[in-house]
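What follows is one structure encoded as structure tokens, with my remarks underneath.
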2 protein chains.
Amino acid sequence: MQHSSDGSVDPIGHVLLALTVILAAAKIAGHVSVRFGQPAVLGELVAGVVLGNLPLAGIDAFRGIAENPVVDILAQLGVVILLFEVGLESTVRDMFKVGGPSVAVAVLGVAAPFALGWGVSAWLLPDRGPYVHAFLGATLTATSVGITARVLQDLGRSRSPEARVILGAAVIDDVLGLIILAVVSNIITSANRGETVSYGAIGLVFGTAVAFLFTALVLGVTLSRRIFGVAARLRGSGVLLATALIACFGLAYVASLVGLAPIVGAYAAGLILEEAHFRPFVNRGEQQLEHLLHPISAFLVPVFFVFMGMHVDLTAFARVNVLGLSAFLTLAAIVGKQACSLGALGRPLDRLSIGIGMIPRGEVGLIFANIGLSLQIAGRRVVDEGVFSAVVIMVIVTTMVTPPALKWSLGRSARTPSAR
Amino acid sequence: MQHSSDGSVDPIGHVLLALTVILAAAKIAGHVSVRFGQPAVLGELVAGVVLGNLPLAGIDAFRGIAENPVVDILAQLGVVILLFEVGLESTVRDMFKVGGPSVAVAVLGVAAPFALGWGVSAWLLPDRGPYVHAFLGATLTATSVGITARVLQDLGRSRSPEARVILGAAVIDDVLGLIILAVVSNIITSANRGETVSYGAIGLVFGTAVAFLFTALVLGVTLSRRIFGVAARLRGSGVLLATALIACFGLAYVASLVGLAPIVGAYAAGLILEEAHFRPFVNRGEQQLEHLLHPISAFLVPVFFVFMGMHVDLTAFARVNVLGLSAFLTLAAIVGKQACSLGALGRPLDRLSIGIGMIPRGEVGLIFANIGLSLQIAGRRVVDEGVFSAVVIMVIVTTMVTPPALKWSLGRSARTPSAR
């Protein structure tokens, strides 16, 4: 409710400018990307990198966008909506079908990068302690399901068995990654205070995550049909969309409440809801939920990807030690996730695509690096500016490498099904 | 990109909770409202009042929502989208057809409430100077086009000639109101500094507003077809929606840049865009823009109305002097706008509905009151807590009285067309 009568720009003005610039950049760059045979999401990321580094070219007009807290939240709502949409494309039953491979893929895809990241850190940062090595290992664990989900969506492959294994594994390794992060942070905080590590706290974090997912899926599947049945009796327009958004935002909130990433809750909400629940709405002539959600995601999802690109600081590439650390971290991240394909051994799945699909470390990697900036051990920050830049570069390279690689590998398997 | 691993709720968590609560309250209250034959928007406002005053009943869980700056911006994006949608239902040509009555209605509807508001203030606040009277008069000038637009939309009447006169006049009186506000604020600021009033500054504010609307409409009509023609050649999905949103947010931003309310720009953007411009998109099988926008407005517009309701402090009603001032201010606001019907004399229009449609003072009245809180004259605030509460009550009563009254009067004229 703020307004200024003196001609200066008020908060809503900044947000309006940011959305105008982001949407225009996303659509133009997306067009260029599609023209070169790449998914639109790659163009959106590059558009973000360009926008975020315009100050290097002396253009400061858009500097405020990357720091705008409201645009940050809109971007996060975008990824929440994206994961909800992706979740809607599968059901809990589908998930259990691929549950075995997903868990195996996730565990291998967490363990291998963690070990490799620890090794790279121990080799290139010999003066830092094991806590720093553990922390860098942890930043490599969690796949950014957002990037892969979007690439699979752009390629029209998000209902394939590979997609379900990847997305299931990505959700599981998000949970595993957050557990590792919580555990490592806990150890560092305790060590910094001179205490011993609390196994109780570790158990609590682990238990919370498992309990949340189990409760959400079981309760959700039981209650969802009943809730939509009641909602279908409500008068007024937009009830189907509102009920679905309430499920999505509500579970995302509960996830954030128990210390998990909101996207875990949004994905769970999408898994729970099934087309059968919406039948009363569709029967009376309302649009399918997918059609109703699409404009909201077309509005908010590009905000997320452009915003993520904007946080890449290209000047960090100019520092040799940062470049070296980031190069080997990136290698560890990419090679480590190829262990995932072992989890799909003996199944009729495109293992290479699964390994590639697990590569991107997007928002979760950045979240980890952010937390590392605020952790201290013996008066020294666990993650300093150089290590932070290296992690950001790892995030961006793994993110940018995935769309073309996944497109290539899925195309390859589509051409030669026997290669599976 | 913020995240907490310690289980505390981060900013995105607060927003997710707020959206969950607001959407659930809006749909349940909207249902009740429709059941009682009222537009859904009334239910959304009442839901907001109830949510905002739950702390009176000892329930503090939702207290943070009304103060959340991100939810504030989402609400404002909601009213921007709403005005864009309403603008889309008319063209610039339509506007010129009703231009004469709209201008006459707007001018009368600004002058009469301004004079009445001044009178009420001079009568009930005899110890305050003419600046305070002028300011209170100014808070009564601008119709909240959002409320009326939504009621007309709920009733399926937003394409009627009355709707165009009301919405055209409301946009014009928003501009006139903002000019009066800017002028009065300027006088008060100058007087407080012991200076004489700057006519140059007054002229500048006035000129800016007129120039903005003129330029936007002329340039927009000229360029819009060409821009959509170029956009139609872009690859990737969601280009039509993105281009329309860019026009809406872009013009809303420019409006805020020149000191006008963003909704003025959004409405202008809607007026400019015509279905003919989208033909290349629709011809290749994409959905109509209205269908694409609807889910976004179904998501964000209720946030605006619930949020507005949440800012009503019911305890202010308990103070007798506040009650008296608010009662007479409300009366002045309602009676004053009936002068509008004189502007439609001699035309085949439902004059009573026009007068009623101009009654609501929503976001603009609150914006005015907000600004008054920060203005001082001779060390005393122009608008103190009591006057602020009176203005808020005036805003809420005029807002709540309009939907049923407009529904009744439009129904009456539909039954007896001769009464026109």
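Side notes on the structure shown:
- Positions within segment B:87-132 being polar (S, T, N, Q) and modelled with pLDDT of 90 or more, in sequence order: B:SER121
- Here B:ILE246, B:ILE272 are screened, and the one residue that is within 12 Å of another protein chain (Cβ to nearest Cβ) and under 28 Å from the mean Cα position of the chain (by Cα) is B:ILE246.
- Only listed residue being at negative phi and either surrounded by fewer than 24 Cβ atoms within 10 Å (Cβ to Cβ) or in contact with a His (Cβ under 8 Å, 6 or more places away or on another chain) (or both), chosen from A:GLY343, A:GLY336, A:GLY309, A:GLY324: A:GLY324
- Checked against (1) open to solvent by less than 20 Å² (accessible area, probe 1.4 Å); (2) touching a residue at least 24 places away in the same chain (Cβ under 8 Å); (3) not hydrophobic (A, V, I, L, M, F, W, C), A:GLY43 passes all but condition (2).
- Residues that are under 19 Å from A:GLN153 (Cβ atoms), more than 9 Å from chain B (Cβ to nearest Cβ) and either surrounded by fewer than 24 Cβ atoms within 10 Å (Cβ to Cβ) or not β-branched (Val, Ile, Thr) (or both), drawn from segment A:70-94: A:GLY78, A:LEU82, A:LEU83, A:PHE84, A:GLU85, A:GLY87, A:LEU88, A:GLU89, A:SER90, A:THR91, A:ASP94
- Count of segment A:136-163 residues which are outside any loop (DSSP other than H, G, I, E, B) and under 19 Å from the mean Cα position of the chain (by Cα): 16
- Taken over segment B:95-109, residues that are open to solvent by 10 Å² or more (accessible area, probe 1.4 Å) and either within 14 Å of chain A (Cβ to nearest Cβ) or in a helix (DSSP H, G or I) (or both) amount to 9.
- Segment A:250-268, residues that are under 16 Å from the mean Cα position of the chain (by Cα), touching a residue at least 24 places away in the same chain (Cβ under 8 Å) and at negative phi: A:ALA252, A:ALA255, A:LEU260, A:ALA261, A:PRO262, A:ILE263, A:VAL264, A:GLY265, A:ALA266, A:TYR267, A:ALA268
- Residue within segment B:355-370 that is of a type in the set (A, V, I, L, M), assigned to a helix (DSSP H, G or I) and modelled with pLDDT of 85 or more present: yes
- Of the residues making up segment A:207-239, those that are more than 8 Å from chain B (Cβ to nearest Cβ), under 30 Å from B:VAL301 (Cβ atoms) and either open to solvent by less than 40 Å² (accessible area, probe 1.4 Å) or not in a loop (DSSP other than H, G, I, E, B) (or both) are A:ALA216, A:GLY220, A:LEU223, A:SER224, A:ARG225, A:ARG226, A:ILE227, A:PHE228, A:GLY229, A:VAL230, A:ALA232.
- Those residues of segment B:295-305 which are more than 8 Å from chain A (Cβ to nearest Cβ) and either modelled with pLDDT of 90 or more or open to solvent by 10 Å² or more (accessible area, probe 1.4 Å) (or both), in sequence order: B:SER297, B:LEU300, B:VAL301, B:VAL303
- Test: A:LEU292 is in contact with a Gly (Cβ under 9 Å, 6 or more places away or on another chain) and either open to solvent by 10 Å² or more (accessible area, probe 1.4 Å) or farther than 15 Å from B:THR20 by Cβ (or both): yes
- Entry remark, segment B:238-281: residues being at pLDDT below 80 and under 16 Å from A:VAL15 (Cβ atoms) number 1 in total.
- All of B:GLY52, B:GLY64 fail the test of being open to solvent by 30 Å² or more (accessible area, probe 1.4 Å), within 14 Å of chain A (Cβ to nearest Cβ) and touching a Leu at 6+ places or on another chain (Cβ under 9 Å), apart from B:GLY64.
- Any hit, segment B:317-334, residues being within 12 Å of another protein chain (Cβ to nearest Cβ) and either in a helix (DSSP H, G or I) or among the acidic types (Asp, Glu) (or both): no
- Condition met for A:THR315 (open to solvent by less than 70 Å² (accessible area, probe 1.4 Å) and either touching a Ser or Thr at 6+ places or on another chain (Cβ under 6 Å) or modelled with pLDDT under 90 (or both)): yes
The values are calculated or read from the model by the stated rules, or taken from the named source; none is laboratory data. What you see is a predicted model; the values in this text were computed from it and never measured. A quick note on method: Cβ atoms are made from the backbone with ideal geometry, for glycine too, and the neighbour counts reach across all protein chains shown. Quick note on the areas: whole protein, heavy atoms, side chains included, nothing else; ligands and nucleic acids left out. Shrake-Rupley method; radii C 1.70, N 1.55, O 1.52, S 1.80 Å.
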